[in-house]
Structures are given as C-alpha cells and as structure tokens.
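Step one of this worksheet: look at the structure below.
The values are calculated or read from the model by the stated rules, or taken from the named source; none is laboratory data. In this text the structure is predicted, and so the values were computed from the model without any measurement. Methodologically, a virtual Cβ is constructed for each residue, glycine included, from the backbone with ideal geometry; neighbour enumeration extends over all protein chains shown.
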Amino acid sequence: MSLPLARPDAVAPTLGAAWLVCHTKPRCEKKFAALMAAEQLDHYLPLVQSVRRYLNQTKRFTKPLFPGYVFAHVSAEKKARIYQQDLLARAIVVADEPLFLRQLDDVRTIVSSGLELSLHPLLTRGRRVKVMGGPLHGVEGYVDDPTHPRGIIVAMDVLQQGLLVKVPIENLQPLP
C-alpha cells in the first residue's frame, strides 16, 4: 500500500508550503501517510517488500524503507493539522529543497525499479561510530576512509595517537 501522491518535482508551488521530513512515532508511518492522503497533502512514504521465513510458513509484507519517516509537502496553515492525530514526533524543515527533491526522485526511481536494496548509514571520514557486533562490541571510534575502508580509528587522545582496527561496515552504528 504505497501512498505517494504527486511526484515531488511535479508539485505546484504553494505559497508558504515547505517540504518536511516527518519523524513519526514508532510504527506509525502508514497511519501518518493515510492521514496525509485524507488531508489531500502531497507526501511520499517509500515502501519495500520484506519476506520473513518461519518454521512452516513465509510471510510477505511491505515496510517503510526509512523506518519512522514520511516526506510531506505542507502549507503553513495545514502544519498544525499534521500534529492533531498524535502520530508525529517532530517535523524537520528541509533546508535545500532542490537537492532534497532530486534525492527523493532518485529514491522513488530505485524503489519502483524492484531491484534489491538495503539501507546503510552514510559514513564519512571522521564520523564517530560505535561497534555493534563482534569481539569489539561497544568500542567507539572514528571512520578512517569510507571510500577505501580499512576500518575505524580508536583514539588514544592522551598519546595523540590512534589504533586502526578492521571492522565490517555492517557492525558500525553512527553516533550523534
């Protein structure tokens, strides 16, 4: 049940309207998108197919590509309305709309292609991360070089040195 209305690049300019990244309460993305559709507000909730295998059955369902987020084009006078159903935790105003709309269009193209995809954190050089699996679980460090990853650097500030440790990217969680 995908609820994209108008294509983001086809949205008619509305006075005072802005694109928002709507951070929903847990497991409320589809309900929030349904509210947006009922209010006739342009929005996009990218959904992907997921398969779960149990002992004697296989379940197929759709889930949000970005858990907890719905993208919405909302006018200033309707902004208060999106908080009334108690589904939204916060709404983040998009600063660079042209870049956002290009990226959103790329996401739409990828999702509609049906190709297999997976979500990965964007890791940049110097980004603080925490190891979430393996023998280094809980260790914090900095991303070495995401273009040619060799691992993370664990700092020893008092010595002004760091240890370079190989860690699979799937075991890293970005820190704020």
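The table for this structure:
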| read-out | value |
| --- | --- |
| Qualifying residue in region 69-85 (condition: of a type in the set (Lys, Arg) and under 29 Å from GLU116 (Cα atoms)) | no |
| Within region 116-146, considering residues that are basic (Lys, Arg) and either crowded, with 16+ Cβ neighbours inside 10 Å or part of a loop (DSSP other than H, G, I, E, B) (or both), the one modelled with the lowest pLDDT | ARG125 |
| Residue within region 151-170 that is within 22 Å of HIS23 (Cβ to Cβ) and surrounded by 10 or more Cβ atoms within 10 Å (Cβ to Cβ) present | no |
| Only one of ALA72, ALA89 that is assigned to a strand (DSSP E or B) and touching a Leu at 6+ places or on another chain (Cβ under 9 Å) | ALA72 |
| Among residues of region 33-51, those that are surrounded by 10 or more Cβ atoms within 10 Å (Cβ to Cβ) and either aromatic (Phe, Trp, Tyr) or within 21 Å of GLY114 (Cα to Cα) (or both), counted | 8 |
| Filtered residue count, region 39-66, keeping only those that are in contact with an Asp or Glu (Cβ under 7 Å, 6 or more places away or on another chain) and assigned to a loop (DSSP other than H, G, I, E, B) | 1 |
